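Every read-out reported here was derived from the displayed coordinates using simple, explicitly stated rules and does not represent laboratory data. This is a predicted model, so every value here is computed, not measured. Cβ atoms come from the backbone with ideal geometry, glycine included; neighbour counts cover every protein chain shown.
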Amino acid sequence: MKSVEDQVVEDEAGYQDDEESFFQDIDLLQKYGINMADIKKLKSVGICTVKGIQMTTRRALCNVKGLSEAKVDKIKEAAGKLLISGFQTASEYSMKRRQVFHITTGSQEFDKLLGGGIESMAITEAFGEFRTGKTQLSHTLCGEHQMELLDFVAAKFHEEAGVFKLLIIDSIMALFRVDFSGRGELAERQQKLAQMLSRLQKISEEYNVAVFVTNQMTADPGAGMTFQADPKKPIGGHILAHASTTRLSLRKGRGEMRIAKIFDSPDMPENEATFAITPGGVADAKE
């Protein structure tokens with residue numbers, strides 16, 4: 001049996017081997033008649049790979065200053081020649097999934113709950129009340145790393161391929177709750193949230209990095225009518241719920257003990273793990 005740490009090391013080693021072939025530099029478009037000036041315009045908005053062009057809609061590309069519809073069509077056509085698109089077999093998808101790696105949380109029990117740790121090419125969301133360990137978990141995962149910053153982050157991931165493996169947002173909804181208030185601004189808030197989450201998902205897949213976001217809780221006034229045991233729920237609505245690959249619910253235990261529960265996941269069963277908040281961050285709970 002291999003320990004969680006051994007698995008993480010193996011995952012990272014495999015990632016290092018594949019990092020150079022994982023994405024194609026946008027400079028390759030020059031071979032298909034795209035001039036360097038237009039390539040620089042794309043890089044200025046955080047589009048640095050051929051896959052990034054494929055993931056960006058024509059409408060969004062036309063909004064880039066200096067790119068006309070004719071230029072966008074030419075860029076899209078050039079990117080299509082470099083990428084194999086269309087139907088993907090299960091075997092091909094399985095090969096792609098082999099590039100996924102996991103980042104340890106600091107607790108073996110927590111890692112086991114997540115199938116090895118925080119997964120790359122995915123968004124992992126952790127929500128809970130205050131003092132449930134969201135920020136401590138973020139600090140343990142890395143050092144602390146909203147829409148304008150993502151373009152810079154994407155460019156940084158591209159410039160230093162393989163150096164960055166984790167992007168953390170603590171918390172995903174904090175600024176949205178401040179900048180948008182009342183039901184009158186709810187639609188606009190959710191639209192901007194959806195755009196941000198879409199950008200995060202693209203970054204995670206484009207550069208094979210793990211995205212970890214924390215979220216806050218709110219009281220649910222209607223919970224009493226449905227006799228729910230817990231009248232609190234994570235904020236962000238269905239848009240955040242659908243965008244997150246794995247959702248973790250954190251709650252307090254005795255003393256410095258915390259309980260993490262798989263709230264939603266496409267490939268892991270509903271289960272719980274206990275961990276502790278220590279002066280050194282997240283660690284295994286001691287009985």
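Around ALA273, with a cut-off of 13 angstrom between Cβ atoms, what is the net charge of the other residues, counting Lys and Arg +1 and Asp and Glu -1?
Working: positive: LYS112, ARG251, ARG258, LYS261; negative: GLU109, ASP111, GLU270, GLU272, ASP284.
Summing Lys/Arg as +1 and Asp/Glu as -1 gives -1.
Determine, for each peptide in 62-74, 124-136, the mean count of other beta carbons within 10 angstrom over its residues, then list the peptides with the highest first.
Going from most to least packed, we get 124-136, 62-74.
When the chymotrypsin sites (Phe, Trp or Tyr not before Pro) in segment 62-124 are filtered for DSSP coil states and for at most 13 other beta-carbon atoms within 10 Å of their beta-carbon, the remaining sites are PHE87.
Report the local net charge at VAL213: Lys and Arg +1, Asp and Glu -1, summed over other residues whose C-beta lies under 12 Å from its C-beta.
Values: positive: LYS134, ARG247; negative: GLU125, ASP170.
Once all neighbours under 12 Å are counted, the net charge is 0.
Each other residue within a Cβ distance under 14 Å of VAL72 adds +1 if Lys or Arg and -1 if Asp or Glu, for a net charge of +3. Extension gain for ALA219-ALA174 works out to 14.6 nm (0.36 nm per residue, less the C-alpha to C-alpha distance).
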